[in-house]
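The values are calculated or read from the model by the stated rules, or taken from the named source; none is laboratory data. All values derive from a computational prediction rather than experimental measurement. Neighbour counts run over all protein chains shown; Cβ positions are idealised from the backbone, glycine included. We work out accessible area using only protein heavy atoms, side chains counted, and drop any ligands, DNA or RNA first. Shrake-Rupley method; radii C 1.70, N 1.55, O 1.52, S 1.80 Å.
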Amino acid sequence: QMAADVAAKLVAYRDEHPDAIIDFVGYSGGGGLAIMVAEALPADFRIRNLIMCQPALSPAYDLPAAINRVEGRMINFHSPLDWAILGVGTMCLGTMDRKYVCSAGKSGFEVEKAIPNPQLRDRLAQCSWKLCDAKQWHFGTHLGMLTYHWNKARVAPCLRRNLPADFDPCAR
């Protein structure tokens, strides 16, 4: 219901601001909500990019309905070191889509299952945590993603107005 409410507000916003650029950025459970909001949008509604930061969704979550609303890229920043919250936590308490598995925020999406259509798969970029991310104070845990330096270095570039066509969100 929350996703439908947010989607309705976005439709109203777009009616008032038809040229506005809309990007979604969601962290943890908010990454799951970003996908669910995209799914709840009308079929002809487009957002520019959808960025998930260690989302609490199952790795096989069905992404086509959401990815079809994205003009640019769907990006999943995930960390194999997020074993406490998105590993044990989602195995015991469940993901946003009520699966009891390690989430896509820890392991990444299982692309063949999450996006059955091979023609859509290149629209998803999966960026795994690397040791060099520690330079921006993200040490691979669930809260590391919240640091200013990591967001400035990794998320903010994905939100620039004139992204080049060959932009690689996973490049460090």
Query raised in the report: So, in Å, what gap is there between the alpha-carbon centers of the stretch 134-172 and the stretch 18-90?
Result: 16
Query - Kirkwood Rh, angstrom, the stretch 81-172 [1 / mean 1/r, Cα pairs] - result: 14.8
Query - Area accessible to solvent at Lys9, 1.4 Å probe radius, in Å² - result: 150
Report summary line: In nm, the gap between the two label points placed 7 Å beyond Cα toward Cβ at Leu163 and Ala12 is 2.8
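Sorted by accessible area with a 1.4 angstrom probe, largest first, how do Asp97, Asp5, Asp82 fall? Show your work: numbers first, answer last.
Values: Asp97 30, Asp5 75, Asp82 5 Å².
Sorted descending by solvent-accessible area, the residues read Asp5, Asp97, Asp82.
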**Report entry** Cα→Cβ-extended label distance, 7 Å offset, between Met2 and Lys99, nm
**Finding:** 2.0
Query raised in the report: Using Cα pairs under 8 angstrom and six or more residues apart, how large is the relative contact order of the chain, in percent?
Result: 19
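Probe radius 1.4 Å, ligands and nucleic acids ignored: give me the carbon and sulfur share of the accessible area of the chain as a rounded percent.
Details: 5270 of 8920 Å².
Carbon and sulfur together cover 59 percent of it.
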Report task. Please build a GNM for the chain, connecting alpha carbons under 10 Å apart, and tell me which residue among Ala125, Ala104, Ala56 fluctuates the most. Result -> Ala125
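For the stretch 22-172, what is the accessible area per residue in Å², given a 1.4 Å probe and the full set of protein chains? Mind showing how you got there, number by number?
Working: 7290 Å² over 151 residues.
With all protein chains present, the stretch 22-172 gives 48 Å² per residue.
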Query - Under 15 Å from the Leu143 label point (7 Å along Cα→beta-carbon), backbone N, the stretch 82-126 - result: 82-86
Requested in this report: Grab the chain and count how many Lys pairs have their alpha-carbon atoms under 29 Å apart, sequence gap of 8 or more, or different chains.
Outcome: 10
Query raised in the report: Kirkwood Rh, Cα Rg: Rg to Rh for the chain?
Result: 0.95
Report task. Report the normalised scattering of the stretch 20-94 as log10 I(q)/I(0) at q = 0.16, 0.24, 0.25 Å⁻¹, calculated by the Debye formula with identical scatterers on the alpha carbons. Result -> -0.55, -1.06, -1.12
